[in-house]
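A short reminder: the numbers here are calculations on the coordinates, not readings from a lab. Bear in mind that the values here come from a model prediction, so they are computed numbers and not experimental data. Here Cβ is always computed from backbone atoms with ideal geometry, including for glycine, and neighbour counts include all displayed protein chains.
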Amino acid sequence: MRFFLFVFLLWSMTLSAAPFHNKKIVVFGSSVAMGWGSTNNNQGWAFRLGNALATKGYTLVNKSIPGNNTQALIGRFERDLLPEKPEICVIALGLGNEGIAKQSTKEGKDSVYNHFVNGINTLIAMCKKAGIIPVVTGCYPANIFNADDYAFVKKFNAMMKNSGTPFIDLLEAVDDGSGHFKEGMYHDALHPNDAGHEAMFQGIPLGIFDTLDDGLQKQSAFLKGGDRKNLSGNYVAACVRVCK
């Protein structure tokens with residue numbers, strides 16, 4: 001009897017020690033973030049991430065729309081994102097919808113890349129202004145990419161890894177080394193299948209969200225009235241580097 005009581009108490013202590021965050025995350029992106037290529041086109045990496053984080057008290061809402069690019073997200077930021085009032089926004093786009101593969105010259109690809117970077121930085125700034133912590137996913141493969149496109153994918157990811165903005169790498173788990181999806185991991189040229197989405201999900205360090213939330217709470221303690229709009233993001237950005 002004492003043994004079973006001990007086991008019960010130990011189990012109760014484990015539950016009470018588990019963090020429960022009660023925070024909302026919005027995934028804001030395009031078709032891959034929406035889950036295209038997975039079962040029913042809606043059970044992709046973000047869906048799996050939401051299920052994994054639900055046990056910790058997070059609510060994940062997916063506001064991604066197929067075909068969107070940086071300008072589309074900027075245009076619907078106030079309409080679609082702000083009413084959700086999330087603590088965290090995962091900005092999830094790739095270079096495919098920006099049209100980099102359609103450019104045949106270096107100048108054209110440079111222009112698309114710079115436009116993409118400026119758009120991502122604008123979205124980051126919009127999140128911070130609204131008191132929302134931005135998390136940016138890296139660019140991912142597409143079977144239409146050539147070597148030059150792949151170089152821009154890696155350039156963007158390397159830049160974001162060292163930017164101070166929380167970053168999630170979606171490339172490594174599904175990249176065949178040439179900017180294309182690994183064999184058996186794509187539904188079509190632009191979208192991963194269930195196996196690809198699962199690999200992307202498995203590559204996400206779930207602790208990044210706990211770290212962000214802990215950083216938000218600690219910095220908020222120093223703000224009068226807990227005004228989230230005063231958050232600079234510097235503290236949480238520093239905290240999240242341990243998850244990279």
Self-check item: For region 21-243, with +1 on Lys and Arg beta carbons and -1 on Asp and Glu, the positive-most of 114, 189, 95 along the dipole
Solution: 114
Quiz item: Over the C-alpha atoms of region 21-243, what are the Rg and the largest Cα-to-Cα span, Dmax, in Å?
Solution: 16.8, 53
Quiz item: So, in nm, how far is label residue 76 from label residue 121 when the simple model puts each one 7 Å beyond its Cα toward the Cβ?
Solution: 2.6
Exercise. Please tell me which of these pairs span more than 29 angstrom C-alpha to C-alpha: 63/106; 85/161; 23/182; 24/102; 63/128; 129/155?
Key: 63/106; 23/182; 24/102
Quiz item: Assigning unit charges at the beta carbon (Lys, Arg +1; Asp, Glu -1) and nothing else, what dipole magnitude in debye, to the nearest 20, does region 21-243 show about its Cα centre?
Solution: 880
Practice problem: Using only alpha carbon pairs under 8 Å that are at least six residues apart, calculate the relative contact order of region 21-243 and give it in whole percent. | Solution: 21
Exercise. Kindly rank 158-165, 46-53, 103-110 from highest to lowest mean number of other beta carbons found within 10 Å of each residue.
Key: 46-53, 158-165, 103-110
Self-check item: Net charge contributed by nearby residues that have their C-beta within less than 15 Å of residue 113 (K/R +1, D/E -1)
Solution: 0
